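The values are calculated or read from the model by the stated rules, or taken from the named source; none is laboratory data. All figures in this text were calculated on a predicted structure; none of them were measured in a lab. Here the Cβ positions follow ideal geometry from the backbone for every residue, glycine too, while neighbour counts run over all protein chains shown. Only protein heavy atoms, including side chains, enter the accessible area calculation; ligands, DNA and RNA are left aside. Shrake-Rupley method; radii C 1.70, N 1.55, O 1.52, S 1.80 Å.
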Amino acid sequence: MGRNAGLPADFARFKVTAEAEAAGPGAEGWPEDEGCAFLHVDMDAFFAAVELRTRPELVHRPVVIAGAGPRSVVLSANYPARKFGVRSAMPVGAAKRLCPHAVYLPPTRGLYSEVSAGVMAIFAELTPLVEPLSLDEAFLDVSGALRRLGTTPAGIGAIIRRRVEKEHGITCSVGVAGAKFIAKLASGMAKPDGMIVVPVAQALDFLHPLPVSALWGVGKRTEEQLRRLGLATIADVANVPPARLRRTVGNAVGDHLYALAHGHDNRAVVPESAEKSLGAEVTFDVDEFDRAKLARELLRLSERVAASLRGRGLRGRTVSIKVRFADFKTVTRARTLVSATDVAHAIHATAVTLLTELGHGGAVRLIGVRVEGLEDADSAEQLTFDTDAPRWRDAEVAADVARSKFGSAAVRPASLLSSHEE
């Protein structure tokens, strides 16, 4: 909920008690959830929680998940660490100043995506209308699943919470409401490990005491503008003349905030669309000048992108690179291939050509590779017979099989054997 200090003292009346949640719909204390078709589900301190499944001795200690490099940021902090002010995206140096006694653990590559896929699969079993926002949160529209499952919206929320904990060993918080943004606010207030239901008839009772920063789309600058106007709570925004609000923040934003302040949010849950591109990038701990090392890094990134394409049954027609220099200037270059590919050799060759043509000799802070124009591999144009690309693909598919059996380091290009592993 960002900067939402001063939450109303009585918001706890919207929280479903553990006893009612365990007993289920119809039990004493079960919420009025008719018409509350929207759920927002958010994993609690996701990366940290996933790591702590195998480190139970650390559960009650401050734990921070972050890389070891000088430019690393906090990926996740458990709730004991958050009490000291540690937050995601904070520089690690700042986190260590706030909480030097925390346990700092490196992230485990691939683990979070694996757990996320399992959690999202639970959602998909219950309703096809799932809109992932990130690895650890999603909106669900459960209106079409109630009769089939023989329960209520909050009942589905309880099912999700039980299954996520049982099957994946982590907890989640759930907001249930008649509008998307209210459901998201509710899940934030339910943290950690809780569920809040906002009955449709009580939506304004829930919203109006909250600070203006709780409104979807209100950042620091907009909050300052609203407070200069004397608007401190959502109730204030709801009661101000719309014309005055428009003059302060603009027509589009003013109308948007006025509608939200009255509980109106007509957005539907939009299921995840087909992927349009796949990419990988890396930020160097120390700015890199050596173009040969950059070319090797492009190979490593191309290997990752190609393996992801093959794993998803996709090929792409356009290869692009992103280069961020030491002064933070960022440039991109792209080239469309004759035929779609999922072969690292072809992706890397194109990426190196683009880097060479860039002709900039400055120090590089970040480099990335992306493949766009994706299509199903079965329908993609077949590679021409006058190239050796099919042999490259056969070798890479064989490497995929070896990695799946023996780990990601089992097979690598020779030029990467001495390169830095993330």
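Just a few scattered comments:
- Checking each residue of region 72-90 against the condition of being aliphatic (A, V, I, L, M), in contact with a Pro (Cβ under 8 Å, 6 or more places away or on another chain) and surrounded by fewer than 16 Cβ atoms within 10 Å (Cβ to Cβ) gives no match.
- Screening the candidates Thr248, Thr318 for the property of being among the β-branched types (Val, Ile, Thr) and in contact with a strand residue (DSSP E or B) (Cβ under 6 Å, 6 or more places away or on another chain) yields one hit, Thr318.
- Only one of the listed residues (Gly254, Gly157) is buried (at least 23 other Cβ atoms within 10 Å of the Cβ) and in a helix (DSSP H, G or I). That residue is Gly157.
- Any hit, region 48-55, residues being charged (D, E, K, R), under 23 Å from the mean Cα position of the chain (by Cα) and open to solvent by less than 40 Å² (accessible area, probe 1.4 Å): yes
- Conditions (1) of a type outside the set (D, E, K, R); (2) under 22 Å from Pro211 (Cβ atoms); (3) open to solvent by less than 70 Å² (accessible area, probe 1.4 Å); number of the one not met by His264: (3)
- Total residues in region 26-42 satisfying the condition of being over 16 Å from Ile156 (Cα atoms) and either open to solvent by less than 20 Å² (accessible area, probe 1.4 Å) or of a type in the set (Ser, Thr, Tyr) (or both): the figure is 0.
- Residue match in region 189-198 (condition: closer than 24 Å to Ala252 by Cα and open to solvent by 40 Å² or more (accessible area, probe 1.4 Å)): no
- Of the residues making up region 310-332, those that are surrounded by fewer than 16 Cβ atoms within 10 Å (Cβ to Cβ) and either aliphatic (A, V, I, L, M) or within 22 Å of Glu375 (Cβ to Cβ) (or both) are Gly311, Arg312, Gly313, Ala326, Val331, Thr332.
- For region 125-152, taking the residues that are under 17 Å from the mean Cα position of the chain (by Cα) and either open to solvent by 70 Å² or more (accessible area, probe 1.4 Å) or of a type in the set (A, V, I, L, M, F, W, C) (or both), the one that is nearest to Glu51 (Cα to Cα) is identified as Leu135.
- The lone criterion from (1) in a helix (DSSP H, G or I); (2) in contact with a helix residue (DSSP H, G or I) (Cβ under 7 Å, 6 or more places away or on another chain); (3) closer than 18 Å to Lys276 by Cβ left unmet by Leu309 is number (2).
- For the criterion of being open to solvent by 20 Å² or more (accessible area, probe 1.4 Å), among the aliphatic types (A, V, I, L, M), within 14 Å of Gly279 (Cα to Cα) and at pLDDT 90 or above, Leu337 fails.
- Candidates Ala307, Ala292, Ala235 - the one that is open to solvent by 50 Å² or more (accessible area, probe 1.4 Å) and aliphatic (A, V, I, L, M): Ala292
- If only residues of region 267-281 that are in contact with a strand residue (DSSP E or B) (Cβ under 8 Å, 6 or more places away or on another chain) and small (Gly, Ala, Ser) are counted, the one that is surrounded by the fewest Cβ atoms within 10 Å (Cβ to Cβ) is Ala274.
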